[in-house]
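Everything below concerns the one structure shown next.
What follows is calculated from the coordinates using simple rules that are stated; it is not laboratory data. Here the structure is a predicted model, which means the values were calculated and not measured. Here Cβ is always computed from backbone atoms with ideal geometry, including for glycine, and neighbour counts include all displayed protein chains.
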């Protein structure tokens with residue numbers, strides 16, 4: 001898929017065809033920041049893997065004021081326009097570890113093998129909380145506006161993602177996953193079943 005100017009114009013900048021809005025992303029940032037604060041996780045570093053046009057950056061940094069934000073993006077166009085780090089979450093390497101990792105609407109574009117490698121890399125890079133989302137077969141069938149969403153071959157089930165993520169993370173709910181070895185208290189009923 002060419003993640004070029006035309007792609008972002010259609011799915012992000014044109015209000016008639018956009019898949020999301022700034023207000024939706026501000027609400028998502030408030031959700032993420034509230035979960036981080038509720039669990040008592042100090043956030044010094046944020047990695048937004050597949051950050052796109054960076055709609056989460058400003059609202060997250062308004063709330064998590066001491067955090068440093070790193071945007072990772074595979075699109076040459078966006079890296080040139082916004083200055084993001086170039087790369088794929090499947091192969092991204094750095095010695096840095098991040099307190100909060102965001103990977104939203106990225107892995108559905110990868111094969112199952114690539115997605116497994118990406119999840120393993122997310123686990124390596126994350127030392128706290130992961131906010132994760134991906135378009136699933138169930139979402140395509142029941143939830144998304146198919147006129148405003150990419151037709152992506154090979155979508156996987158939500159169960160597949162939950163199984164793969166649960167190897168390194170505990171589900172908190174609302175897309176939040178706590179790294180298994182993090183010494184934070186997660187009350188029994190706060191964890192997703």
(message) Within region 38-58, list the residues whose amide N lies under 12 Å from a label point set 7 Å along Cα→Cβ of residue 81.
(response) 52-55
(message) Using only the alpha-carbon atoms of region 23-101 as identical scatterers, what base-10 log of I(q)/I(0) does the Debye formula give at q = 0.14, 0.18, 0.23, 0.25 Å⁻¹?
(response) -0.45, -0.74, -1.10, -1.22
(message) Taking every DSSP beta bridge with both residues inside the chain, roughly what % is antiparallel (nearest 5)?
(response) 30 percent
(message) From the helices alone, meaning DSSP H stretches of at least four residues, give me the mean residue ellipticity at 222 nm for the chain, per-run term -39500 (n - 2.57), in deg cm²/dmol to the nearest 500.
(response) -9500 deg cm²/dmol
(request) Please give the FRET efficiency for residue 116 paired with residue 22, using the beta carbon to beta carbon distance and R0 = 22 Å, rounded to the nearest 0.05. (result) 0.10
(message) Please compute, for the alpha-carbon atoms of the chain, the extent along each of the three principal axes and give them in descending order in Å.
(response) 44, 34, 31
(request) When a/c is below 1.5 the answer is rounded, else prolate if a/b is larger than b/c, else oblate, so apply that to region 96-181 with a ≥ b ≥ c taken from the square roots of the Cα gyration tensor eigenvalues. (result) prolate
